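Here's the structure we're looking at; comments come further down.
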Amino acid sequence: MIIQLKKEINNKERTTITSTLTEMGIDVYPVKTQRGIYFICTPKKEFDIRKIGHLKGITDVHRVSGNHKLVSHKWKVDRTVIDCGDGVFIGDGGFAVMAGPCSIEGEEQIEKTVEALLANGVRIMRGGVYKPRTSPYSFRGLGMEGLSLFYKACSENGIKIITEVMEATQIEPMMPYVDIFQVGARNAQNYNLLEALGEIDKPVLLKRGISGTIDELLYSAEYVFKTGNEKLILCERGIRTFEKAYRNTLDLNAIPILKEKSHLPVIVDPSHGIGIRKHVLKMALAGAAVGADGLLIEIHDTPEKAATDGQQTIDFKEFNALMNKLTQLNALLNN
Ligand code: PEP
Ligand code: MN
């Protein structure tokens with residue numbers, strides 16, 4: 001059960017609600033986010049909702065069975081829209097494209113990418129400065145130095161930044177430069193990191209775990225929301241299956257299912273999803289066709305020379321072609 005409280009609720013009203021629930025044997029878990037105050041309750045048995053609905057300070061009482069509560073579509077009819085500032089939205093009915101290299105490599109690379117984004121009217125650039133790598137000897141990103149170059153070029157051109165955060169201590173130094181914090185597949189169930197991101201007021205994009213179920217992704221989102229941050233975006237990036245013909249199995253089924261189960265925007269990442277450059281465009285379109293609210297995609301001026309994930313990175317010409325196709329497809333879908 002989710003009890004939505006009035007934002008301007010006073011202490012007396014709040015105490016009355018809590019004690020009424022306690023007397024009924026219901027445990028209360030209070031949640032305060034940027035957008036509201038909620039009491040999350042997990043009653044052990046059926047009870048009459050009318051006994052609390054009339055109490056002062058309550059806006060609404062929703063019966064939400066199951067354990068994904070705050071992220072569930074069962075209580076929130078309107079879909080969540082993420083406002084990144086300066087007219088950049090995710091989940092507002094438009095199609096949000098976030099494109100850029102797997103890793104930030106230097107000033108020239110950033111500038112070239114910014115140009116490619118501007119030419120296509122893309123307002124969000126991706127790029128990792130902290131890279132989770134399977135081998136500890138591989139390139140692991142330029143860190144804060146890279147982020148500051150990234151920020152300089154993007155802020156001068158009205159472009160928002162999405163980049164991966166790998167641990168809680170990185171959040172504070174990254175904060176002034178980042179518009180959307182990405183939680184990578186390898187950290188999908190790092191609950192301490194998720195709770196730390198729950199304490200900030202910036203959008204968070206959560207990738208599905210490498211072998212993560214849809215349920216587990218929703219629980220991860222619930223961790224961030226219940227700690228106080230409802231600015232969440234879910235991302236399908238492929239899962240590990242028995243199939244070895246491609247890097248991951250992009251689970252397109254997850255997109256309509258996540259949108260049905262949750263009110264949060266859902267993004268597709270075809271680059272990691274298939275891991276093969278020549279097929280990325282088709283899988284991006286497929287993601288849009290099944291209802292994704294946007295796209296996270298790896299692009300580079302010379303993918304063969306990219307420091308990381310070159311094999312799945314498309315060049316600017318391919319990106320332009322994709323953007324043209326997306327415009328056509330979205331026009332068709334919105335008809
Ligand atoms: C990335 O976006 O470059 C990345 C590391 O993604 P994932 O966490 O999905 O592997
Ligand atoms: Mn990558």
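The values are calculated or read from the model by the stated rules, or taken from the named source; none is laboratory data. In this text, all values refer to a predicted model and were calculated from it rather than measured experimentally. All Cβ positions, even for glycine, are placed from backbone atoms using ideal geometry, and neighbour counts span all protein chains on display. Areas reflect the complete protein model, heavy atoms only, side chains present, ligands, DNA and RNA absent. Shrake-Rupley method; radii C 1.70, N 1.55, O 1.52, S 1.80 Å.
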Legend entry - Candidate set from the range 205-221 (those that are part of a helix (DSSP H, G or I) and open to solvent by less than 20 Å² (accessible area, probe 1.4 Å)); member that is farthest from ligand 1 (Cβ to nearest atom): Leu218
Legend entry - Condition met for Ala286 (part of a loop (DSSP other than H, G, I, E, B), outside the structural domain of Arg35 (by TED's automatic domain parsing) and more than 16 Å from ligand 2 (Cβ to nearest atom)): no
Inset, instruction - Restrict the check to the range 156-171 and report whether at least one residue is farther than 20 Å from Glu222 by Cα, over 22 Å from the mean Cα position of the chain (by Cα) and more than 16 Å from ligand 1 (Cβ to nearest atom). - result: yes
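Take residues that are under 24 Å from Cys235 (Cα atoms) and tell me which of the strands (runs of 3 or more DSSP E) falling wholly in the range 43-102 contain 1 or more.
Filter on the range 43-102 gives 82-85, 88-90, 96-100.
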Inset, instruction - Go through the range 243-264 and give me each residue that's within 16 Å of ligand 2 (Cβ to nearest atom) and among the hydrophobic types (A, V, I, L, M, F, W, C). - result: Leu250
Legend entry - Failed item in (1) among the charged types (D, E, K, R); (2) within 16 Å of ligand 2 (Cβ to nearest atom); (3) open to solvent by less than 40 Å² (accessible area, probe 1.4 Å); (4) outside any strand (DSSP E or B), with Glu304 passing the rest: (3)
Inset, instruction - Spot the failing condition for Leu234; the list is (1) surrounded by 20 or more Cβ atoms within 10 Å (Cβ to Cβ); (2) closer than 18 Å to Gly184 by Cα; (3) in contact (Cβ under 8 Å) with a residue 40 or more places away in the chain, and only one is missed. - result: (3)
Legend entry - Filter result (β-branched (Val, Ile, Thr) and either at pLDDT below 95 or closer than 29 Å to Asn192 by Cβ (or both)) within the range 149-170: Ile161, Ile162, Thr163, Val165, Thr169
Inset, instruction - Kindly provide the set of residues from the range 284-327 that are within 14 Å of ligand 1 (Cβ to nearest atom), over 12 Å from Pro101 (Cβ atoms) and out of contact with any strand residue (DSSP E or B) (no Cβ under 8 Å at 6 or more places or on another chain), ordered by number. - result: Gln311
Legend entry - Residue in the range 252-264 that is farthest from ligand 1 (Cβ to nearest atom), counting only those that are in contact with a helix residue (DSSP H, G or I) (Cβ under 9 Å, 6 or more places away or on another chain) and open to solvent by less than 10 Å² (accessible area, probe 1.4 Å): Ser262
Inset, instruction - Name the one entry in Ile274, Ile299, Ile267 that is closer than 19 Å to Val114 by Cα, within 16 Å of ligand 2 (Cβ to nearest atom) and surrounded by 23 or more Cβ atoms within 10 Å (Cβ to Cβ). - result: Ile299
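Specify the residue that is least open to solvent (accessible area, probe 1.4 Å); the eligible residues are those in the range 307-316 that are under 21 Å from Thr241 (Cβ atoms) and in a helix (DSSP H, G or I). Give the steps one after another, and end with the answer.
Narrowing the range 307-316 to residues under 21 Å from Thr241 (Cβ atoms): 309, 311-312.
After this cut, where a residue has to be in a helix (DSSP H, G or I) as well, the list is 311-312.
Working: Gln311: 94, Gln312: 0 Å².
Applying the filter and picking the extreme gives Gln312.
Suppose the filter is buried (at least 23 other Cβ atoms within 10 Å of the Cβ), closer than 30 Å to Met1 by Cα and in the same structural domain as Thr327 (by TED's automatic domain parsing); does Ile104 pass it?
Answer is no for this residue.
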